[in-house]
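The values are calculated or read from the model by the stated rules, or taken from the named source; none is laboratory data. Values in this document were obtained by computation on a predicted structure and should not be read as measured data. Cβ placement follows ideal geometry from the backbone for every residue including glycine, while neighbour counts extend to all protein chains displayed.
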Amino acid sequence: MRVTISVIKADIGAIGGHTMPSAEILGIVRDRVERERKKLLIDAFVCHTGDDIAMIMTHAKGQDSPDVHQLAWDALIKATDKAKSQGLYGAGQDLLKEAFSGNVRGLGPGSAEIELDERPSEAFMVTLGDKCGPGAFNLPLYLAFADPMYSPGLMLSEGLHDGFTFHIMDMDHTEGDRVIVLEAPERLYDIASLLRDTNRYAIEAIWSRKYPNEQAAAVGTTRLRNIAGRYVGKDDPPAVIRVQKIFPATEEFGPAFAVAPFVGGDTRGSHNLPLMPVPMNTPASTFFCCRWSQRLGSRCMMASSRRPSTCSLIRSGIRSGTGSQRKPLRCAGKASSNRRCCPCQSSSTAELWLGCESWIPSSRCETVRG
């Protein structure tokens, strides 16, 4: 049974700066979304990370559903009107376009979606970033899906041993989606070379190699500056990550965040500071802003929860539904071998991976262009 998990989030205004949304605008979004439970949506959950409001929705409409994206857009527009009347800081900040065009991509809000055949126990994690650059989740996902020292299932589990395929977005390419497709473990060094530069390259998706039709992760790669043409705020990516069985276990995914990698973002997008896991509904710090990474572990979409010290786990779940099947991206071909591609030109010396100019011969770089 095909079910889609959609996560859409945006900063539409906050109290006293970039801290947290008001209870009123959070309530408007929640009320609008929850009216569609058992109708358009199978289920839904609304929360915030710092000043970003996130809508986590399950449905049977497939990825990029105009109806689901319209619901999220309308909820954010209505809440923005309230934010302006309340005088909240940055009201409507992430809503960069006025007209809805079928889905929220390119309009400002961040989004991440996975369409899947629901397993008997469909366990997944939702990770929400605030005060983060677009590649904030590069290292944790690399460790969880490619490093057996963090994810021993890569050595011990038959379902994981073949590795995973990484789809990495070149976010500086504004003429269309440029996606670099690399397989781990064979291309591990090349993957690492790209993911060091968190401002240019970000993981867009991860797919199982043993089960090629099974997507393991989806990450929002929206660059607000590419939409607005100027700096208008951090990109604050959301991500959906499936766990257990043919994917890394929840316990293997969590330790990757204990590294606290230095990532770009912070106040005015000006610093590199540690990525810090926090409970859901945590306001942003007033000592500059350590980037928040809020993790919601989901299993069956019910209301009970348990709260470890580093994050909150929402036991949530999806029920059956139908929808169109989307196949994983495939390579369009290889570039000419006499040209360079995939430059990693990170100028930051404060990142966990020290920046240096490096390159991968384009004969080893596979691209998909949209």
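At a glance:
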read-out	value
Checking LYS82 against (1) buried (at least 18 other Cβ atoms within 10 Å of the Cβ); (2) in contact with a strand residue (DSSP E or B) (Cβ under 9 Å, 6 or more places away or on another chain), the condition it does not meet	(2)
Options ASP162, ASP170, ASP190: the member that is charged (D, E, K, R), on the phi < 0 side of the Ramachandran plot and at pLDDT below 95	ASP170
Residue match in segment 194-205 (condition: touching a strand residue (DSSP E or B) at 6+ places or on another chain (Cβ under 7 Å), within 24 Å of GLY90 (Cβ to Cβ), of a type in the set (S, T, N, Q) and modelled with pLDDT under 95)	yes
Every residue from segment 101-132 that is part of a loop (DSSP other than H, G, I, E, B) and touching a residue at least 60 places away in the same chain (Cβ under 8 Å)	VAL104, ARG105, GLY106, LEU107, GLY108, PRO109, GLU118, ARG119, SER121, GLU122, ALA123, LYS131
Among (1) of a type outside the set (Asp, Glu); (2) surrounded by 18 or more Cβ atoms within 10 Å (Cβ to Cβ); (3) assigned to a helix (DSSP H, G or I), the one test that ILE77 misses	(2)
Residue selected from segment 166-190 under the condition among the β-branched types (Val, Ile, Thr) and buried (at least 23 other Cβ atoms within 10 Å of the Cβ), by the criterion nearest to LYS245 (Cα to Cα)	ILE168
Any pair with Cβ under 8 angstrom, 6 or more apart, that starts in segment 133-162 at a residue that is charged (D, E, K, R) and ends at one that is modelled with pLDDT of 95 or more	ASP147/LEU154; GLU158/LYS210; ASP162/SER208; ASP162/ARG209; ASP162/LYS210
Identity of the residue in segment 90-119, modelled with pLDDT of 85 or more and farther than 15 Å from THR221 by Cβ, that ends up surrounded by the fewest Cβ atoms within 10 Å (Cβ to Cβ)	ASP117
